[in-house]
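The values are calculated or read from the model by the stated rules, or taken from the named source; none is laboratory data. Bear in mind the structure is a predicted one, so any value in this text is a computation, not a measurement. Note: ideal-geometry Cβ built from the backbone for every residue, glycine included; neighbour counts use all protein chains shown. For accessibility, only protein heavy atoms count, side chains too; no ligands or nucleic acids. Shrake-Rupley method; radii C 1.70, N 1.55, O 1.52, S 1.80 Å.
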Amino acid sequence: MIEENNLFSNLSVQPLAARLRPKDLNDFVGQEHLLGEGKILRRMIDSDKIPSMIFFGPPGVGKTTLAGIIANRTKAEFINFSAVNSGIKEIKNVMQQAEHNRNFGMRTLLFIDEIHRFNKAQQDAFLPFVERGSIILIGATTENPSFEINSALLSRCRVFILKALTPDNVVELLKRANKIYNLEISEELLRNLAIFSNGDARSALSVFEMIAMTGEKIITPEIIEQCTSRRSLLYDKNGEEHYNLISALHKSMRNSDPDAAIYWLTRMLESGEDPLYIARRVIRFASEDIGLAEPHALEMAVAAYNACHYIGMPECGINLAQAVVHMSICPKSNALYAAYNKARNDAVKNLASPVPLWLRNAPTALMKNLGYGKNYKYAHDYEDRITKMQCLPDELREREYYEPSEQGAELNYKKRLEKIKAYKKNLPS
């Protein structure tokens, strides 16, 4: 389905998010890492040197809005193309229009929402037109483009990662919306709504519009609760309760208390927390607090994240509960976490440490003549597949980072590592 700018669009019947959509970068909220003064995307737009791009980020962060602003700044015809409702026939029609525009010296900016929904053949259809410059392609996706966009198309596009809006960003948008409705609503309730939206401006504005449609001018927490279908929004204006709850969940799992963990999980979900946020924290926990004491914990955490992604709330609550209880009962070890932090500190201090010559790849004759790869010991050529070859930089050659605990399956890793170290000591240099 193709949507083009229409001067006769009736703004009064459009959703609030569409009515508030800015037309200029000065009114755009968020994405300061890309659009702040001197930032790369800002420079591209200001200099009118726009390549084909992929915007990767969560819903409601301004991908469509930013594409429209770019079209206005570059004086290109803006075509909004939905991957959900379009096929090869619609693609061909758009490309014909773009070729027609090019013949008359006009650029076409083609924005494709949810580009990851196009299959390989549909994505390939855009390639020749991107290469010829018939279109400036801007694709928007909530999925990792490395996995969802064809490599040939992706290689011709610049990828920009858009971040979830901060609560301050969303509050600013809600205040703009209130200039239309003039509701009496406190700063604290606006902040609660902002946190409830989880960085999604569209979601926040939709709820605000629903609140305005109640006809009430003085907005109370009870009105917000009704419009959000939540019993309560417990976060304070600084979002402190948001962090208190995730801290309580994390520490309950760490203390092997499944009852407390599932309680705090439920509190978060019933307060409107994004289940994917919780799932990401559980994934982190699986490696930080369990690690190799139970290697399958990470698999369980990733599976829970995928389940939340596929089915959403409220159904995915039980998937998170399964993961949270599993994490609580698993044996605990922070050995990986400690090892990573120790290695990171050394890495930061020794960023310029050269890779030993024998560990370097030598794809050219010149590199071989310089000694790259010389004296490298291929482990599979040796008994027990182990050599005494030094793999750390010289200044760190004696460092040890991973110190396995005796918890759960990590005890087996500990015993294996001890055998490896003892075996290496007895090997000739």
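Which is open to solvent by 20 Å² or more (accessible area, probe 1.4 Å), small (G, A, S) and within 28 Å of the chain's Cα centre (by Cα), of A140, A177, A164?
A164
Go through V171, V159 for me and flag whichever is modelled with pLDDT of 90 or more, outside any helix (DSSP H, G or I) and not acidic (D, E).
V159
Among the listed residues E184, E225, E216, E172, identify the single one that is surrounded by fewer than 21 Cβ atoms within 10 Å (Cβ to Cβ), touching a strand residue (DSSP E or B) at 6+ places or on another chain (Cβ under 8 Å) and acidic (D, E).
Just a single option satisfies the conditions, and that option is E184.
Cβ-Cβ distance below 6 Å, separation of 6 or more or different chains: which pairs start in the stretch 284-301 with a residue that is under 9 Å from C330 (Cβ atoms) and end on one that is among the acidic types (D, E)?
Here the result reads A293/E410, each pair linking the stretch 284-301 to a residue that is among the acidic types (D, E).
Please indicate, with yes or no, whether at least one residue in the stretch 238-245 is touching an Asp or Glu at 6+ places or on another chain (Cβ under 8 Å), more than 30 Å from V130 (Cα to Cα) and either at pLDDT below 90 or part of a helix (DSSP H, G or I) (or both).
Yes, there is a match, as at least one residue in the stretch 238-245 is touching an Asp or Glu at 6+ places or on another chain (Cβ under 8 Å), more than 30 Å from V130 (Cα to Cα) and either at pLDDT below 90 or part of a helix (DSSP H, G or I) (or both).
Are any residues in the stretch 391-429 assigned to a loop (DSSP other than H, G, I, E, B) and loosely packed, with under 15 Cβ neighbours inside 10 Å, and if so, which ones?
C391, R397, E398, R399, E400, E403, E406, N426, L427, P428, S429
Taking the stated definitions as given, is Y378 out of contact with any helix residue (DSSP H, G or I) (no Cβ under 9 Å at 6 or more places or on another chain) and either at pLDDT 95 or above or hydroxyl-bearing (S, T, Y) (or both)?
yes
Tally the residues that are touching a residue at least 12 places away in the same chain (Cβ under 8 Å) and either in a helix (DSSP H, G or I) or open to solvent by 60 Å² or more (accessible area, probe 1.4 Å) (or both), restricting the search to the stretch 302-313.
Count: 8.
Does the stretch 66-82 hold any residues that are within 24 Å of the chain's Cα centre (by Cα) and either farther than 23 Å from R19 by Cα or open to solvent by 20 Å² or more (accessible area, probe 1.4 Å) (or both), and which are they?
Hits for the stretch 66-82 are N80, S82.
Kindly provide the set of residues from the stretch 284-299 that are surrounded by fewer than 19 Cβ atoms within 10 Å (Cβ to Cβ) and either touching a strand residue (DSSP E or B) at 6+ places or on another chain (Cβ under 8 Å) or in a helix (DSSP H, G or I) (or both), ordered by number.
Across the stretch 284-299, the qualifying residues are R284, S287, E288, H296, L298, E299.
So that you can scan it fast, the table gives a plain yes or no per residue for (1) exposed (fewer than 14 other Cβ atoms within 10 Å of the Cβ); (2) of a type in the set (F, W, Y); (3) without any contact (Cβ under 8 Å) to a residue 60 or more places away in the chain:
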site: R21; (1), (2), (3): no, no, yes
site: D24; (1), (2), (3): yes, no, yes
site: H33; (1), (2), (3): yes, no, no
site: P59; (1), (2), (3): no, no, no
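Conditions: (1) surrounded by 17 or more Cβ atoms within 10 Å (Cβ to Cβ); (2) touching a helix residue (DSSP H, G or I) at 6+ places or on another chain (Cβ under 7 Å). E241 meets all but one. Number of the miss?
Among (1) surrounded by 17 or more Cβ atoms within 10 Å (Cβ to Cβ); (2) touching a helix residue (DSSP H, G or I) at 6+ places or on another chain (Cβ under 7 Å), E241 violates only (2).
Step by step: first the residues of the stretch 190-213, then only those that are more than 27 Å from the chain's Cα centre (by Cα) and buried (at least 17 other Cβ atoms within 10 Å of the Cβ), then the one that is nearest to G60 (Cα to Cα). Which residue is that?
E209
Pick out the one residue from N101, N93, N119, N72 that is among the polar types (S, T, N, Q) and touching a residue at least 60 places away in the same chain (Cβ under 8 Å).
None of the other options fit; the residue is N93.
Select from the stretch 124-145 the residues that are at pLDDT 85 or above and either in contact with a Ser or Thr (Cβ under 6 Å, 6 or more places away or on another chain) or not in a loop (DSSP other than H, G, I, E, B) (or both) and list them in ascending order.
Those that are at pLDDT 85 or above and either in contact with a Ser or Thr (Cβ under 6 Å, 6 or more places away or on another chain) or not in a loop (DSSP other than H, G, I, E, B) (or both): L127, V130, I136, L137, I138, G139, A140, T141, P145.
For S252, state whether it is open to solvent by 30 Å² or more (accessible area, probe 1.4 Å), farther than 25 Å from T166 by Cα, at pLDDT 90 or above and among the polar types (S, T, N, Q).
Considered against the rule, which asks whether it is open to solvent by 30 Å² or more (accessible area, probe 1.4 Å), farther than 25 Å from T166 by Cα, at pLDDT 90 or above and among the polar types (S, T, N, Q), S252 comes out as no.
Kindly provide the set of residues from the stretch 254-299 that are more than 14 Å from A321 (Cα to Cα), over 22 Å from the mean Cα position of the chain (by Cα) and among the hydrophobic types (A, V, I, L, M, F, W, C), ordered by number.
The answer is I290, L292, A293.
Kindly list the number of the only condition in (1) open to solvent by less than 50 Å² (accessible area, probe 1.4 Å); (2) in a loop (DSSP other than H, G, I, E, B) that fails for N341.
In the conditions (1) open to solvent by less than 50 Å² (accessible area, probe 1.4 Å); (2) in a loop (DSSP other than H, G, I, E, B), N341 misses (2) alone.
Hey, does the stretch 319-331 have a residue that's β-branched (V, I, T), over 30 Å from K377 (Cα atoms) and open to solvent by 40 Å² or more (accessible area, probe 1.4 Å)?
Yes: the stretch 319-331 contains one or more residues that are β-branched (V, I, T), over 30 Å from K377 (Cα atoms) and open to solvent by 40 Å² or more (accessible area, probe 1.4 Å).
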